[in-house]
Structure formats: structure tokens, C-alpha cells
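These notes concern the structure reproduced below.
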Amino acid sequence: MKGALAGITVLEVCSYVSGPYAAMLLGDLGATVVKIEPPDGGDPFRGWGKGDYSATFGSLNRNKKSVVLDVRTPEGKGAVRRLVREADVLIENFRPGTMERWNLGYEELRPLNERLIYCSITGFGESGPYRDWPGYDTVGQAMSGLLSLLTERDAPKPMGISLSDHLAGLFACYGILAALMARERTGYGQRVQTSLLESSIAFLAENAANFFEGAGKPPDRATRTRQAQVFAFCAGDGLPFVVHLSSPPKFWEGLLRACGREDLASDPRFADRAARQRHYDELEAILREVFRTAGRDEWIARLRREDVPCGPLNDLGEVFDDPHVELLGMRRRLPHPIRGEVSVVGGAVRLSATPLRIERAAPLLGEHTDEVLGSMKR
């Protein structure tokens, strides 16, 4: 079956994470994605691997065609303009003004194709005092407040995932899909803009709402753990797991039964959810000692018998060895012209009539240049 975006052509003039991720999500939905890469090595992530393959590049560029063009030259600009005439979407993630300097900005390209949806992803937005600063993932995490909710401010540690970059890609994809729907009604494209800073702040809606209502006291990493009654422990065998009690009293009651600590139900410090939030540290200390008395599998089994939300704190090796994850098809093996086969992570949504297609590994540099440029209208 054809994908939901079959017939849609996306031009990706991007590198690194945010733009390529947005374009890849559209490609999974069936769009034809043409990745424009510079001749001097292509997307920098191609160089992050060993030898003939970069897993980082591969994770963001499946289902795409690679075309090598130097967009700084008259020939490269001309080729992009011809591609734009037949495209539905263009995505770029350069600093503000870069595409305009190359005469490839929205105002320059819109007259060529009034149906074009032109998406720009920047670090901090198209205006304002931070406009021209270099915007990379950890800077976006830090300046948006996201990192303050993931680490301790007095002993900060950067995160092991490019959250702000991926969030910007998700929000860009969201905006592009909305613009495609609007075009169905109006017949016209439009400009879509997002940034690492805006996407990351928007992602913090729950925390921001609590801040607005909390007399100006900023939340930190521990704030939500107390509110939602979430815990992380190491069992007696040293293996980590988590418990999420949330609001229903049945989960608290089930936890006490699983732990053999029904006596805590009459402790005034833990009489209700509000009390447990106030005395979170004391409760955590008690439970930590309890959970040291047996191994992780035993505790998870006991907790699940009482219907308490819990689970192992898995590393990626454990994740992809999990039979349920295997059943979901979250590891996809794709043919590769040099490696023979490479693995990527699967998609997160299922469409019954127009399923996602994850068919091709990331392209070799310039693999489709002749095919794509040869088919263009002059």
C-alpha cells in the first residue's frame, strides 16, 4: 500500500539532526525525500562512523535520495531552483540569512512555486538578540530550561541524547503536515518556522504551567518526581528499576502489599498523596532499604501481581533483546550496498490503511544525483 504522503516531494537542504529528522519522518510516511548535500564530504554526520558507514548518519537519513550540489555556485543554485518548481516541501536548518545569501530564501523561491511549503529550523528563531548565535542541541537544552529538569544545577551533566535537536525536527514535521493540510483547502503553500529554543520550551508545557502557578519558584529535576510519585531503585542484585505510583490510591496500596509494608498505610507521613509528596525523601529511603532485600526480577514480579506500574530500567542492549520490543518490530534491518545489512529503529505510529514504509538505508553520497537531476524539467 502507498504511504500517506505518496506523491509528495521533499527537498532537504540540511545537515546534522533537526532537519534530516523532520525529512526522514516525512519519508517514512511515503514522501519522496531528496537530500541535497555539498560535494566536500556531504552531511558532516557521514564522517562520524568507522570506515564505510556512519550509524549516526544512518539513523537520520533512511528512505532518502542523495544528490550532490554546491548550492553556493550558479549551477547549484539553478539546479535547486528547478527542483523547487516540482517540489512540495523544502526544509533547511541553517542560521538565519544563510539561504537568503545563496538566493534560495523563501521570498526568492515562492514565485517559482506558489504551492511550496518552506520550513526553516534555526537555533533561536528568525529575529531577536540571539538570532545569529550558533544553535546546537545542548545549548538549546540548557537555554530552554529543559536541561535543568534533567540534571542537578549544582552538579550539571549533559545528556546522552540530542533532545532539543529531535524535538525541533518533530515540531517541524508537525508544522509541515499542518501546512500540507492547509494547502488542500487554499491551494497555496506557506512558510513554517521553528527553532531549538521554541521547540524545547513548548515541550515543557507541564513544567511551565506549574511554574506559572507556583509563585515563581522554578521546578527542578526532583519536582515532578514528587508530584507524580515516581521512584528509581537498585534491587539487591544491583539492577535498576522504576516505580510510578501516579494518583490512583490502588497503586500505593498495591506497593505496600508487594513490599510487605502495609504498616506504612497508618503512618501519618504517608496518609494521603499530598502527605507522601511532602515526605517523599523519607518514603524513598524506606523503600530503598526494602528493595535491597531481593533481586530485580522478583520485585518486578511482586509489583506486577499487585498491578503497580513498574519496569526495569533497561539499557539499549536489554531493550532490543526484549521479546515484546521484538514483536513490535522496533529494530528494522535494511539492505545496504556496502555493508550488506544495517539496522535502524522503527517508527512509533501505526497507520492501518497507509502504513509507514522503512525500506531503504541511508543513501551513499551522491547516489541519486544523475537520476534526480536527469529527470528534472528544463
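The values are calculated or read from the model by the stated rules, or taken from the named source; none is laboratory data. This is a predicted model, so every value here is computed, not measured. Neighbour counts are summed over all protein chains in view; Cβ atoms, including those assigned to glycine, are modelled from backbone coordinates with ideal geometry.
Condition (residue is in contact (Cβ under 8 Å) with a residue 24 or more places away in the chain and in a helix (DSSP H, G or I)) applied to the range 153-164: is it met by at least one residue?
At the first step, the residues of the range 153-164 found to be in contact (Cβ under 8 Å) with a residue 24 or more places away in the chain are 153, 162-164.
The next check asks that each one be in a helix (DSSP H, G or I); those that pass are 163-164.
Yes - at least one qualifying residue is present in the range 153-164.
Filtering the range 117-145 to residues that are of a type in the set (Gly, Ala, Ser), on the phi < 0 side of the Ramachandran plot and without any contact (Cβ under 8 Å) to a residue 60 or more places away in the chain leaves 127, 142. Tell me, please, whether a residue that is without any contact (Cβ under 8 Å) to a residue 12 or more places away in the chain, assigned by TED's automatic domain parsing to the domain that holds residue 298 and among the aliphatic types (A, V, I, L, M) can be found in the range 228-248. Checked the range 228-248: no residue is without any contact (Cβ under 8 Å) to a residue 12 or more places away in the chain, assigned by TED's automatic domain parsing to the domain that holds residue 298 and among the aliphatic types (A, V, I, L, M).
Among the candidates 54, 144, which residue alone is buried (at least 18 other Cβ atoms within 10 Å of the Cβ) and in contact with a Phe, Trp or Tyr (Cβ under 7 Å, 6 or more places away or on another chain)?
Answer to the check: 54.
Taken together, the residues in the range 27-51 that are within 24 Å of residue 376 (Cα to Cα) and either in contact with a helix residue (DSSP H, G or I) (Cβ under 6 Å, 6 or more places away or on another chain) or acidic (Asp, Glu) (or both) amount to 6. Across the range 355-374, the number of residues qualifying as assigned to a loop (DSSP other than H, G, I, E, B) and over 22 Å from the mean Cα position of the chain (by Cα) comes to 5.
Of the strands (runs of 3 or more DSSP E) contained entirely in the range 10-116, not one carries at least 2 residues that are touching a Ser or Thr at 6+ places or on another chain (Cβ under 8 Å) and free of Cβ contacts under 8 Å to residues at least 24 places away in the same chain.
Of the residues in the range 265-280, at least one is of a type in the set (S, T, N, Q) and surrounded by 14 or more Cβ atoms within 10 Å (Cβ to Cβ).
One line per residue, one yes/no per condition, for (1) out of contact with any Lys or Arg (no Cβ under 6 Å at 6 or more places or on another chain); (2) polar (S, T, N, Q); (3) on the phi < 0 side of the Ramachandran plot:
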{"residue": "4", "(1), (2), (3)": "yes, no, yes"}
{"residue": "12", "(1), (2), (3)": "no, no, yes"}
{"residue": "17", "(1), (2), (3)": "yes, no, yes"}
{"residue": "21", "(1), (2), (3)": "yes, no, yes"}
{"residue": "36", "(1), (2), (3)": "yes, no, yes"}
{"residue": "39", "(1), (2), (3)": "yes, no, yes"}
{"residue": "43", "(1), (2), (3)": "yes, no, yes"}
{"residue": "53", "(1), (2), (3)": "no, no, yes"}
{"residue": "61", "(1), (2), (3)": "yes, yes, yes"}
